[in-house]
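Have a look at the structure below, then the notes.
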Amino acid sequence: MGSWFMYAFNTELNDSQWGFQGDIQHRNWNVSGDLEQLLLRGGVHYTPKNSRLKLTAGYAYIQSSYYDSSAIQNHENRIYQEARIPQKIGSRFYLAHRFRFEQRIVQNQDFRTRFRYALSIDVPLNNRLLIPKTWYVSVYDEIFINGQKDIGNNIQVDIFDRNRAYFGVGYIISPHLKSTLGFLRQSTSNWSKNQFVLSLFHNI
């Protein structure tokens, strides 16, 4: 069992279709510590007029450590583009589709690309709307597909990279702040791992 701690922010520029978003994630191999990854990510987003579609382009920096090792073993610089499409079904089901394309520059590897698709569903419990003082259930699944198998140094990876399945419970603290506590199962062709996830989402 590992632990992930995440802070995500989003802000819209006044009277504009533009804004900024980003997140900081601290991922541990176990619950108490032992750094697995530190991820810093930020981007600029654009929402077309009369549309709920959100288009984002951004950059991320990731440093990773092996299990039971305090030394940073891997550095990655990543550029990404994504499209997020929200959708509401009925009076309570809030869905979102996210398509992301990544260009990855990983230490000691060739240039890599990766495709990601995530489907998320939020369901309010004590209200029909996702408004302050509302408890809600949050579920999502995300699949990762590598753009190439050969990554250099005679190393090959599977086209299927990984899958993340998540279930959590959230609370909307205010119009600008909400938090979730959940459980994530991450699986590849060779291994699977459980993660305890604590997240804070901030609309600035």
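Out of the residues in region 133-155 that are of a type in the set (A, V, I, L, M) and out of contact with any Ser or Thr (no Cβ under 9 Å at 6 or more places or on another chain), which is farthest from residue 96 (Cα to Cα)? Before the answer, list the steps.
To start, the set of residues in region 133-155 that are of a type in the set (A, V, I, L, M) comprises 137, 139, 143, 145, 151, 155.
Filter again for out of contact with any Ser or Thr (no Cβ under 9 Å at 6 or more places or on another chain), leaving 137, 143, 145, 151, 155.
On the way: 137: 14, 143: 14, 145: 19, 151: 32, 155: 35 Å.
So, considering only residues that are of a type in the set (A, V, I, L, M) and out of contact with any Ser or Thr (no Cβ under 9 Å at 6 or more places or on another chain), the one farthest from residue 96 (Cα to Cα) is 155.
In region 121-169, how many are assigned to a strand (DSSP E or B), charged (D, E, K, R) and open to solvent by 60 Å² or more (accessible area, probe 1.4 Å)? Even if it seems obvious, please write down each step before you answer.
So in region 121-169, the residues assigned to a strand (DSSP E or B) come out as 121-124, 135-146, 150, 156, 160-169.
Filter once more, so that each one left must be charged (D, E, K, R): 122, 141-142, 150, 161-162, 164.
Still in the running and open to solvent by 60 Å² or more (accessible area, probe 1.4 Å): 141, 150.
The qualifying residues number 2.
Please indicate, with yes or no, whether at least one residue in region 180-197 is closer than 19 Å to residue 97 by Cα, touching an Asp or Glu at 6+ places or on another chain (Cβ under 7 Å) and surrounded by 15 or more Cβ atoms within 10 Å (Cβ to Cβ).
No.
Closer than 25 Å to residue 202 by Cβ, charged (D, E, K, R), touching an Asp or Glu at 6+ places or on another chain (Cβ under 9 Å) and assigned to a strand (DSSP E or B), is that true of residue 100?
Working: closer than 25 Å to residue 202 by Cβ: yes; charged (D, E, K, R): yes; touching an Asp or Glu at 6+ places or on another chain (Cβ under 9 Å): yes; assigned to a strand (DSSP E or B): yes.
Against the criterion (closer than 25 Å to residue 202 by Cβ, charged (D, E, K, R), touching an Asp or Glu at 6+ places or on another chain (Cβ under 9 Å) and assigned to a strand (DSSP E or B)), residue 100 qualifies.
Return only the number of the condition from (1) modelled with pLDDT of 95 or more; (2) under 19 Å from the mean Cα position of the chain (by Cα) that residue 35 does not satisfy.
Only one criterion is unmet by residue 35, namely (1).
Taking region 10-60 as the region of interest, how many residues are assigned to a strand (DSSP E or B) and touching an Asp or Glu at 6+ places or on another chain (Cβ under 7 Å)?
Selection size over region 10-60: 5.
The values are calculated or read from the model by the stated rules, or taken from the named source; none is laboratory data. Values in this document were obtained by computation on a predicted structure and should not be read as measured data. All Cβ positions, even for glycine, are placed from backbone atoms using ideal geometry, and neighbour counts span all protein chains on display. All accessible areas refer to the heavy atoms of the entire protein, side chains included, with ligands and DNA or RNA removed. Shrake-Rupley method; radii C 1.70, N 1.55, O 1.52, S 1.80 Å.
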